[in-house]
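Trainee: Got a structure for you, written out below as structure tokens; questions coming shortly.
Readers should treat all values here as calculations from the given coordinates under stated rules, not as data from a laboratory. Please read all numbers here as calculations on a predicted model, not as lab measurements. Every residue, glycine as well, gets a Cβ built from its backbone with ideal geometry; the counts of neighbours run over all protein chains shown.
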């Protein structure tokens, strides 16, 4: 199979999964706000398996933020936080479990500013960094690692790399 087609297909499937997972968790009001566990962020571990996951999660985040009616700064900087996290995961893919740190940090640092200045949350930045960080730890370091161990034996079949 053509590698470019496979790359685009992987990216598109990952983006679609990100959107579906975000919409699902939005029903429970957990995809946004000061306390958020966006389970779709678990997909930011996928760059360990394929570089196609980088545009996949970024486009998925962008579409999710647009579909769920996020403010423009959230659409821009939320997507940027996810992109930075996915790139960091890819760059650290050979380090055991350290690859989960970049998406947690990028979101815990960037998203609180979005929450405070785009949505007017009056909580202190350090509190928002803590709550967003905890949500990211749950999404990435817990759920993402479950996903990692589930996919690891199948990586060659699924990602062909």
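Trainee: What nm value, rounded to one decimal, do you get for the distance between residue 13 and residue 152 when each label is placed 7 Å out toward the C-beta?
Mentor: For the pair residue 13/residue 152, the computed spacing is 2.1 nm.
Trainee: Would you mind checking the tilt of helix 3-26 against the longest principal axis of the Cα atoms of the chain, expressed as 0 to 90 degrees and rounded to 10?
Mentor: The angle comes out near 30 degrees.
Trainee: Moving on to the next point. Rounded to the nearest 10 degrees, what's the angle between the helix 72-91 long axis and the longest principal axis of the chain, both from Cα atoms, 0 to 90?
Mentor: With both axes taken from Cα atoms, the answer is about 40 degrees.
Trainee: What base-10 log of the normalised intensity I(q)/I(0) is obtained for region 53-96 from the Debye formula, alpha carbons as equal point scatterers, at q = 0.14, 0.15, 0.25, 0.34 Å⁻¹?
Mentor: The calculated log intensity ratios at q = 0.14, 0.15, 0.25, 0.34 Å⁻¹ are -0.33, -0.37, -0.77, -1.11.
Trainee: Would you work out if region 8-68 is rounded, prolate or oblate? Take a ≥ b ≥ c from the square roots of the eigenvalues of the alpha-carbon gyration tensor; rounded if a/c is under 1.5, else prolate when a/b is larger than b/c, oblate otherwise. Before the final figure, lay out the partial values.
Mentor: Details: a/c = 2.48, a/b = 1.80, b/c = 1.38.
Here region 8-68 falls in the prolate category.
Trainee: Further, regarding this structure: With the cut-off at 1.5 for a/c, could you classify region 61-127 from its C-alpha gyration tensor as rounded, prolate or oblate? List each step's numbers first, then the result.
Mentor: Values: a/c = 3.57, a/b = 1.60, b/c = 2.24.
The shape class here is oblate.
Trainee: For the Cα atoms of the chain, what angle does the longest principal axis make with the long axis of helix 53-67, in degrees from 0 to 90, nearest 10?
Mentor: Taking the Cα atoms of the chain, the angle to 53-67 is about 40 degrees.
Trainee: While we're on this one: Kirkwood hydrodynamic radius of region 21-161 from all distinct Cα pairs, in Å? Kindly include the intermediate steps, with their values, before the conclusion.
Mentor: On the way: mean 1/r = 0.0673 Å⁻¹.
In region 21-161 this quantity evaluates to 14.9 Å.
Trainee: Quick one: Cα centre-to-centre distance for region 132-153 and region 43-66, in angstrom?
Mentor: Going from one Cα centre to the other spans 14 Å.
Trainee: Now for a separate question. Helix-only mean residue ellipticity at 222 nm, the chain, DSSP H runs n ≥ 4 weighted -39,500 (n - 2.57), per residue, nearest 500. What is it? Let's see the in-between values first.
Mentor: Working: 7 runs with 100 residues, N = 161.
Helix contribution divided over all residues of the chain: -20000 deg cm²/dmol.
Trainee: In nm, to one decimal, how far is the modelled label at residue 5 from the one at residue 116, with both set 7 Å along Cα→Cβ?
Mentor: 5.0 nm
Trainee: Now a separate question. If we sort 46-57, 15-26 on the protection proxy, mean other Cβ atoms within 10 Å, highest first, what's the order? Don't skip to the answer; put the middle values down first.
Mentor: On the way: 46-57: 23.4, 15-26: 18.9.
Those peptides, ordered most packed to least, come out 46-57, 15-26.
Trainee: Quote to one decimal, in nm, the extra length available between residue 23 and residue 127 on full extension: 0.36 nm per residue of separation minus the C-alpha distance between them. Display every interim value, and only then the final one.
Mentor: Details: separation 104, 0.36 × 104 = 37.44 nm, distance 2.56 nm.
Contour length minus Cα-Cα distance gives 34.9 nm.
Trainee: For the chain, what's the relative contact order in percent, using C-alpha pairs closer than 8 Å and at least 6 residues apart? Show your work: numbers first, answer last.
Mentor: Numbers: 250 pairs, mean separation 42.6, N = 161.
Once divided by the residue count of the chain, the mean separation gives 26 percent.
Trainee: Right, next: Using a Förster distance of 25 angstrom, determine the FRET efficiency expected from the C-beta separation of residue 93 and residue 142, and round it to 0.05.
Mentor: Numbers: r = 19 Å, r/R0 = 0.76.
Result of the calculation: an efficiency of 0.85.
Trainee: Sequence gap at least 6, Cα distance under 8 Å: using those rules, report the relative contact order of region 87-156 to the nearest whole percent. If you can, show how the numbers build up before the last one.
Mentor: Values: 46 pairs, mean separation 20.2, N = 70.
The value is 29 percent.
Trainee: OK, next. Name the shape class, rounded, prolate or oblate, that the alpha-carbon gyration tensor gives for region 122-161, where a ≥ b ≥ c are the square roots of its eigenvalues, rounded holds for a/c under 1.5, and otherwise prolate holds if a/b is larger than b/c and oblate otherwise.
Mentor: Numbers: a/c = 6.94, a/b = 3.83, b/c = 1.81.
It is prolate, given that a/c is not under 1.5 and a/b is the larger ratio.
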